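Every number here is computed from the coordinates shown, using simple stated rules; none is lab data. All values reported here derive from a predicted model rather than from experimental measurement. Cβ sites come from the backbone with ideal geometry, for glycine too, and all protein chains shown count toward neighbours.
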Amino acid sequence: MIFPIKSSHFRSQLSKFRAALQWCGSGERSAKSSGDNQAWGRKAAVAVGLAASFVGVSVAIAATVTTNIAPVTPVAQCTTTSVNQLDAFSTASASGAGTGGVPSLTYTAPSGISRTIMAVISFERDHTSATNSTRGDNWASTRTTNGSGGASTYPTVSMGGVDLRPRAVVASTANPTSDTSASNSELSQEFYLYTLDEADIPSGANTVTIGGSEFNLPTNAGDEATIMLATFENVSVAEGVAGQTDNNAPFSLSIAANPTATSTQLAGTTVADNMLFALAQSTSDNGINVTWDERIEVNVDNADGSYLAERTPPISAYSENDGMTSIIQTLTGVSSSQNASFTATNNGMYSIGGLVFRLVARGCDYGDAPGYADAVHAQSDDIYLGSIYGDAETSSPTNPTATGDVGDEDGVTIPSMTQGTTVTIPVSVTQVDANDG
């Protein structure tokens, strides 16, 4: 399903825009229109080589990638009921046409309990050419060009041979005429969110790649792409909240984000244990300012491409080519609706888009039998002993009578026993999902 965000002029009457948010999967939230985003440039830089070709002249230009990654000190396992980040974000970027313009990286997921990998893939594409008048022919995926389809129409993001689950995409386009269709695009941006849950996370070092039959290789030297991913712990489910784009200067987004779960808030956890996960992409490398806890920002400075070369003088108001910015911010410890704000100060770009997900908390369930080492496992509301699943705890409730963990101990009934006789001890198991176990 496709939800329109906003289409509007950007300073020039010749520039039109098409923007959309698409969710993949059931139970997601609808998109809302309006927006906020912000900019700054900074941090250590790494050069990425690319081949440039425009107006019949072939030159070599280096795209510069600047990253700002927040360090992470993970909380000791099973000592909190809150969602927490286990490792600093890993990232890779690439620029230019062909396979060299597609990033990949090697990633080792940290150990943990009830883990979910959150992965964001960002693209900016130049659809112009000094020798080819065709527009809208350089989208990263058929998902954004046809506006429909399920998981099978997303680019395939794979980690060690395991495909991540596609969850949502936000896309926008700058068009030269009143035809705002994807097939008339001159410039476009797309970013995709993927998740991978505990049961499917491969062990050890694995290569993260982008490909599949629905992925289109970049065709222009002005194209950019970025991968960002990290692992989060104590996650029950990742829920889509809202998405938004802004195609008018000054560029900003303010996305209403409620931490209250639409699924079950597991016993022993609270709304304040959930995490709001917000990401944004702008069509400039100048940066984005945020108001929550910034986890990573990647600025790709790419002065190449054929858009400006073809526009002599440019008929549109934006000063491509100048790269892109991708950023992620998070927030925990809140119980009421918050605004995920992003602000971009560069007025020469054409769009900024944002997206919010909610990571619902899942804690640990401790045993209470005395005389043994602490027994603990991930809280489960799918398969459990008895009729009540275990509540989340942050330490062992052991006591001499093994009654410290009250309320969820009805799974085993021990009858009267006489020495020398055989008895049957009934064990009650609840399985909510028939496909589990």
- request: Starting from the amide H of A168, placed 1.01 Å from N in the peptide plane, find each other amide H under 5 Å away whose residue is 5 or more places distant or on another chain.
  value: C24, L193
query: So what are the ³J(HN,Hα) numbers for the range 192-197, from phi and the Karplus equation (6.51, -1.76, 1.60; θ = phi - 60°), rounded to whole Hz, Gly and Pro as x?
result: 10, 10, 10, 10, 9, 8
- prompt: Per-residue HN-Hα couplings for the range 210-224, Karplus 6.51 cos²θ - 1.76 cosθ + 1.60 at θ = phi - 60°, whole Hz, x for Gly and Pro?
  reply: 10, x, x, 5, 8, 9, 10, 4, x, 10, 10, 5, x, 7, 9
- line: the range 118-267, Kirkwood Rh and Cα Rg, ratio Rg/Rh at 1.01
- request: Subtract the Cα-Cα distance of D137 and T99 from 0.36 nm times their separation in residues, and report this length gain in nm to one decimal.
  value: 12.0 nm
For the range 342-353, Karplus couplings with θ = phi - 60° (6.51, -1.76, 1.60), whole Hz, Gly/Pro x: 9, 9, 10, 8, 7, 8, x, 8, 10, 6, 9, x
field: Nonlocal amide H pairs with M349, under 5 Å, H built at 1.01 Å
entry: S319
- prompt: Between D179 and A70, how many nm apart are label points set 7 Å from Cα along the C-beta direction?
  reply: 4.5
task: Tell me which residues come under 5 Å, amide H to amide H, from N258 once H is placed; ignore anything under 5 positions away on its chain.
output: Q338
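In terms of the ratio Rg/(2.2 N^0.38 Å) built on C-alpha atoms, what value belongs to the range 138-205?
On the way: Rg = 15.1 Å, N = 68, 2.2 N^0.38 = 10.9 Å.
Expressed relative to 2.2 N^0.38 Å, the Cα Rg reads 1.38.
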- request: Could you sort 255-267, 170-182 so that the peptide with the highest average Cβ count within 10 Å comes first and the rest follow in order?
  value: 170-182, 255-267
Convex hull volume per residue for the range 78-130, taking Cα atoms only, in Å³: 101
- prompt: Once you sort the root eigenvalues of the Cα gyration tensor of the range 225-268 as a ≥ b ≥ c, which label holds: rounded (a/c under 1.5), prolate (a/b larger than b/c) or oblate (the other case)?
  reply: oblate
